[in-house]
Amino acid sequence: MKRLKLDQFLSKLGEADALEQIQGLIVGLRNELRIDHIVYHWVSADGEQYGFGTYDPQWVQHYVDQEYLRIDPVVLGCFQRFHPVDWKRLDWSSRAARGFQKDAIAHGVGNQGFSVPIRGPNGQFALFTVSHATDDETWAEFTQSTQRDLILIAHFLNQKALELEKGRAPEPVRALSPREIDALTFLAMGYSRGQVSEMLSISEHTLRAYIESARFKLGALNTTHAVARALAEGLIIIGGAARAATGNWPGRKVPRAAAN
Amino acid sequence: MLRYLTAEALAAYPRLRDSMHRDRTAQFRDRLKWAVTVDADGFERDEYDAMNPLYVIWEMPDGTHGGSMRFLPTSGRTMVHDHFPQLLNGADVRSDRIWECTRFCIAQGAGAHVAGALMLAGGELMRAFALTHLLGVFDARMVRIYNMIGATPEVLGSTGEGRDKISVGLWHYRSQDRQAVLRRARISSDLSEYWFSRSFGHPINRRIAA
């Protein structure tokens with residue numbers, strides 16, 4: 001995918017606030033990538049399923065009716081892994097798995113697949129899958145050229161699903177660490193990354209790790225989103241309260257001369 | 001050569017697996033005197049080995065272990081959070097795009113190129129899986145090795161003194177570092193791609209940016 005196309009997709013995804021919009025974006029992405037299917041599949045600890053994508057609704061219903069969740073090597077394989085996996089690398093040796101694969105192919109899923117396991121906050125588990133009917137070589141070329149993009153899309157889709165389906169999330173947001181609160185607070189106050197890293201006496205790269213960690217815990221799409229969410233949840237406080245706080249706030253004109 | 005194997009997949013390589021756990025005993029118990037658990041077979045193992053981590057292993061020509069490290073995503077349980085939270089200095093780094101790297105081990109007598117190859121593999125994982133950082137736990141000696149191979153981590157916190165010092169640090173991914181790391185490891189880009197692809201079934205995207 002061209003970088004611009006990916007950016008466009010992610011920014012449209014960021015703006016989407018309804019499932020139908022995401023479904024539309026996924027169909028568009030599927031057409032763009034010229035593959036048969038793109039699917040997002042969230043499996044709760046109690047076996048409840050939620051998702052969206054381009055599979056035939058009949059197949060989705062059939063999958064639920066047959067309780068394929070219990071034998072699907074893609075779900076089982078992704079649950080044990082934390083890195084993306086080509087379906088060829090999964091264990092299809094059992095009779096049940098082979099029967100399932102035959103059924104899936106008959107329902108147009110395709111003989112090739114690539115799935116990205118996603119671990120959200122508080123042990124949330126989901127997977128993002130692309131699948132297609134083609135030969136091994138064509139598929140290897142496709143996964144090679146797009147896997148990085150697919151991983152990014154998977155993470156962003158999951159953040160969006162967490163946002164839209166807050167009630168499904170296992171537990172409320174995980175507490176932010178003091179360092180993360182500092183970082184988001186200063187960003188919310190309008191300081192640049194460079195300035196914030198200086199204030200916290202850490203490198204900009206370390207600051208980025210703190211921001212990435214805060215973003216993950218908040219189930220946010222990006223830094224701006226993470227700051228907005230932290231503000232909305234009352235995890236960080238800026239404005240009047242911050243100005244009134246004691247302590248040496250950066251950028252604050254401390255009237256040292258006047259105080260003395 | 002480099003192999004990327006989950007604990008599950010490593011079971012198919014008993015010679016590689018057993019020699020890795022023995023080399024870990026030699027490094028962490030015998031040389032570093034860490035209070036690690038060694039079983040009756042002389043294998044150093046801990047609870048994280050039971051969590052199906054991803055290992056990167058340098059395999060010697062005879063099929064034994066030359067060096068290795070172990071990865072788990074920080075969105076789940078990790079050694080840093082369970083055992084060294086104070087070394088994070090008030091940070092609590094957790095993300096599925098930041099993986100923890102532990103048990104960096106070099107077999108006795110293995111050359112410096114092994115450390116270089118492992119660092120290359122760490123970069124390849126970040127590149128392949130769009131990771132932003134690796135979070136590591138390491139001893140004082142490793143800091144010198146990391147410096148030597150040009151992959152100096154940013155230390156977040158340390159405990160202990162001298163050779164007993166244990167630190168927690170971060171590596172961040174920079175695509176421009178790859179050529180230098182390849183050169184130092186004396187491994188070609190194609191070969192590294194080949195090793196990756198043999199383990200994961202597909203090569204890494206060769207384009208620089210996503």
Going through segment B:64-80 in order, the residues found to be at pLDDT below 95, assigned to a loop (DSSP other than H, G, I, E, B) and more than 14 Å from every other protein chain (Cβ to nearest Cβ) are none
Is there a residue being buried (at least 17 other Cβ atoms within 10 Å of the Cβ) and not in a strand (DSSP E or B) anywhere in segment A:124-135?
-> yes
Check on B:Ala130, buried (at least 20 other Cβ atoms within 10 Å of the Cβ) and closer than 18 Å to B:Leu72 by Cβ = yes
Quick one: would you say A:Ala161 is outside any helix (DSSP H, G or I), touching a Phe, Trp or Tyr at 6+ places or on another chain (Cβ under 7 Å) and either touching a residue at least 40 places away in the same chain (Cβ under 8 Å) or buried (at least 18 other Cβ atoms within 10 Å of the Cβ) (or both)?
-> no
Restricting attention to segment A:179-225, report how many residues are aliphatic (A, V, I, L, M), more than 21 Å from the chain's Cα centre (by Cα) and within 12 Å of chain B (Cβ to nearest Cβ).
-> 4
Considering segment B:86-140 alone, what residues qualify as being more than 27 Å from A:Phe79 (Cβ to Cβ) and free of Cβ contacts under 8 Å to residues at least 24 places away in the same chain?
-> B:Gly90, B:Gly109, B:Gly111
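Could you list, in sequence order, the residues of segment A:99-123 that are within 14 Å of chain B (Cβ to nearest Cβ) and either under 17 Å from A:Leu76 (Cβ atoms) or outside any strand (DSSP E or B) (or both)? Break it down into steps so the answer makes sense when it comes.
Of segment A:99-123, the ones within 14 Å of chain B (Cβ to nearest Cβ) are A:112-123.
Answer for segment A:99-123, where residues must be within 14 Å of chain B (Cβ to nearest Cβ) and either under 17 Å from A:Leu76 (Cβ atoms) or outside any strand (DSSP E or B) (or both): A:Gly113, A:Phe114, A:Ser115, A:Val116, A:Pro117, A:Ile118, A:Arg119, A:Gly120, A:Pro121, A:Asn122, A:Gly123.
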Leading residue by the ranking (surrounded by the fewest Cβ atoms within 10 Å (Cβ to Cβ)) among those in segment B:1-47 that are closer than 21 Å to B:Phe129 by Cα and hydroxyl-bearing (Ser, Thr, Tyr) | B:Thr6
Tell me, yes or no, whether segment A:89-100 has at least one residue that is surrounded by fewer than 21 Cβ atoms within 10 Å (Cβ to Cβ) and touching a Gly at 6+ places or on another chain (Cβ under 6 Å).
-> yes
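The values are calculated or read from the model by the stated rules, or taken from the named source; none is laboratory data. Predicted model, so just to flag it, every value in this text is computed and none were measured. Cβ atoms come from the backbone with ideal geometry, glycine included; neighbour counts cover every protein chain shown.
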